[in-house]
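The values are calculated or read from the model by the stated rules, or taken from the named source; none is laboratory data. Note that the structure is a prediction, hence the values are computed from the model and not measured. Please note: Cβ atoms are built from the backbone with ideal geometry, for glycine as well, and neighbour counts cover all protein chains shown.
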Amino acid sequence: MSNRYDKNGKRLKNKTKEDWKIIESLLTNMKYRRIWLEEKELYTISTVRLGLDHRYDKKWGPLIFETCIFMGWFDGGWESSVIERYETKEEALAWHRKICMLSDKDIINMVK
């Protein structure tokens, strides 16, 4: 069984050309993947659809959404902190809103 999901959280069966087009979009098209992007002077908060199940314990639902905070460019890459992964888009949006309500100082401390 597939561990890939479309933008609505529906499991893809990987049996048709359309399934593979969706999978390609999940992996390469940021407009398809991105749910919310909040850019601040000191950091960026990004919530995306992962498209692949990132839960290793299969007793629970798939983790297919993720929120990260990116701060600056260090050693050839963005300094980031994965805040949380979620089963549903609604959970992802709720957590993104919660992070955006924090102070700049609290958000910076989360990444360090």
Name the residue that is modelled with the highest pLDDT, counting only residues in region 78-97 that are hydrophobic (A, V, I, L, M, F, W, C) and outside any helix (DSSP H, G or I). Ile83
Kindly indicate the residue of region 92-101 that is exposed (fewer than 14 other Cβ atoms within 10 Å of the Cβ) and of a type outside the set (Gly, Ala, Ser) and also farthest from Lys7 (Cα to Cα) among those meeting that condition. Met101
Could you list all residues from region 1-33 that are among the aliphatic types (A, V, I, L, M), part of a loop (DSSP other than H, G, I, E, B) and closer than 14 Å to Arg49 by Cβ? Leu12
If we ask which residues in region 8-35 are under 14 Å from Lys89 (Cβ atoms), in contact (Cβ under 8 Å) with a residue 12 or more places away in the chain and surrounded by fewer than 16 Cβ atoms within 10 Å (Cβ to Cβ), their number turns out to be 2
Within region 19-77, which residues are within 14 Å of Asn8 (Cα to Cα), at pLDDT below 85 and among the aromatic types (Phe, Trp, Tyr)? Tyr32
